[in-house]
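To start, the structure itself, in structure tokens.
The values are calculated or read from the model by the stated rules, or taken from the named source; none is laboratory data. Model, not experiment: these values are computed from the prediction. We place every Cβ from the backbone using ideal geometry, glycine too, and count neighbours over all the protein chains shown.
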Amino acid sequence: MMSFYSVKKLGLKIFNKHSPLLFARGLSGALALSLYFYTIQHMPLATAVTILYLAPIFTVILAIFLVKEFPNKYQWPFFILSFIGAAIMQNFDPRVSLLHFSMGLTAAFFAGLAYNYIRLLKGKAHHSLIILYFPMVTIPFCLPFLKKLWVTPSLLELLLLLSIGAFTQIAQIFMTKAYMLESAAKISHFNYLTCFNAFIMGIIFFGEHLTVSSLIGLLLIFVGIIFSSKFSHKES
């Protein structure tokens with residue numbers, strides 16, 4: 001509703017010549033979000049979030065083909081290091097099955113694809129319209145699953161769900177504007193801060209503690225992020 005109100009207030013046409021690209025961005029986001037929500041129910045929170053936040057790596061790689069943005073050559077070893085860290089987390093944590101790990105990677109891929117579609121829409125569509133297309137596609141995509149999976153929330157659960165929606169809306173606005181203003185290689189790495197937030201939240205709220213190997217994997221991913229981000233600001 002917030003997105004729709006913003007689009008109407010600005011007098012933007014919801015359907016235009018860029019609608020196919022807007023739809024593709026919405027569908028990629030819907031697939032990423034659905035897979036992500038599934039994996040966080042079947043893995044430790046920090047592990048699921050860390051796997052998803054390989055999305056910046058996919059973002060940079062896909063940007064080569066979609067928006068013709070090439071990463072610095074010195075970033076590649078750190079991209080590889082991040083994937084090694086993810087592999088360690090999957091192979092040495094018995095709570096992470098290959099199926100759920102693969103679903104997490106697929107979610108990261110579609111998230112990276114969605115971010116690149118945003119870059120392609122730069123100068124073509126207002127950020128409010130890009131954000132609107134996300135729920136426009138996601139809601140119909142999820143409706144077929146509601147009949148089987150619906151659980152009526154309590155008042156507290158309803159308030160929590162509404163707060164998730166509000167915070168997500170704010171995050172979507174800033175994320176969308178960031179990707180429209182700066183290159184994918186420079187912006188995408190900030191997503192990884194979520195991994196550490198999830199690690200702390202998992203301990204505080206769910207009593208989840210990662211194994212030593214999972215912590216090593218998370219550390220490798222973090223090192224890969226820091227240095228690949230550092231080199232993204234330098235000329236190739």
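A few points about this structure:
- Taking the listed residues 27, 12, the one that is surrounded by fewer than 20 Cβ atoms within 10 Å (Cβ to Cβ), closer than 15 Å to residue 131 by Cα, in contact with a His (Cβ under 6 Å, 6 or more places away or on another chain) and of a type outside the set (Asp, Glu) is 12, with no other qualifying.
- Take the conditions (1) modelled with pLDDT under 80; (2) more than 22 Å from the chain's Cα centre (by Cα); (3) more than 22 Å from residue 65 (Cβ to Cβ); residue 222 misses just one of them, which is (2).
- For the criterion of being over 17 Å from residue 222 (Cβ atoms) and in contact with a Phe, Trp or Tyr (Cβ under 8 Å, 6 or more places away or on another chain), residue 129 fails.
- Residue tally, condition in contact with a helix residue (DSSP H, G or I) (Cβ under 7 Å, 6 or more places away or on another chain), over 30 Å from residue 206 (Cα atoms) and free of Cβ contacts under 8 Å to residues at least 40 places away in the same chain, over the stretch 1-55: 0
- Inspection of the stretch 39-47 finds a residue satisfying the criterion of being part of a helix (DSSP H, G or I), modelled with pLDDT under 90 and in contact with a Lys or Arg (Cβ under 8 Å, 6 or more places away or on another chain).
Table: residues versus (1) surrounded by 14 or more Cβ atoms within 10 Å (Cβ to Cβ); (2) over 20 Å from residue 28 (Cα atoms); (3) modelled with pLDDT of 90 or more; (4) of a type in the set (Ser, Thr, Tyr).
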{"position": "86", "(1), (2), (3), (4)": "yes, yes, no, no"}
{"position": "110", "(1), (2), (3), (4)": "yes, no, yes, no"}
{"position": "125", "(1), (2), (3), (4)": "yes, no, yes, no"}
{"position": "134", "(1), (2), (3), (4)": "yes, no, no, no"}
{"position": "143", "(1), (2), (3), (4)": "no, no, no, no"}
{"position": "150", "(1), (2), (3), (4)": "no, yes, no, no"}
{"position": "159", "(1), (2), (3), (4)": "no, yes, yes, no"}
{"position": "170", "(1), (2), (3), (4)": "no, no, no, no"}
{"position": "179", "(1), (2), (3), (4)": "yes, no, no, yes"}
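- When we screen 61, 51 for residues that are surrounded by 21 or more Cβ atoms within 10 Å (Cβ to Cβ), assigned to a helix (DSSP H, G or I) and under 19 Å from the mean Cα position of the chain (by Cα), the only hit is 51.
- Checked against the criterion of being in a loop (DSSP other than H, G, I, E, B), within 18 Å of the chain's Cα centre (by Cα) and over 18 Å from residue 122 (Cβ atoms), the stretch 68-84 has no qualifying residue.
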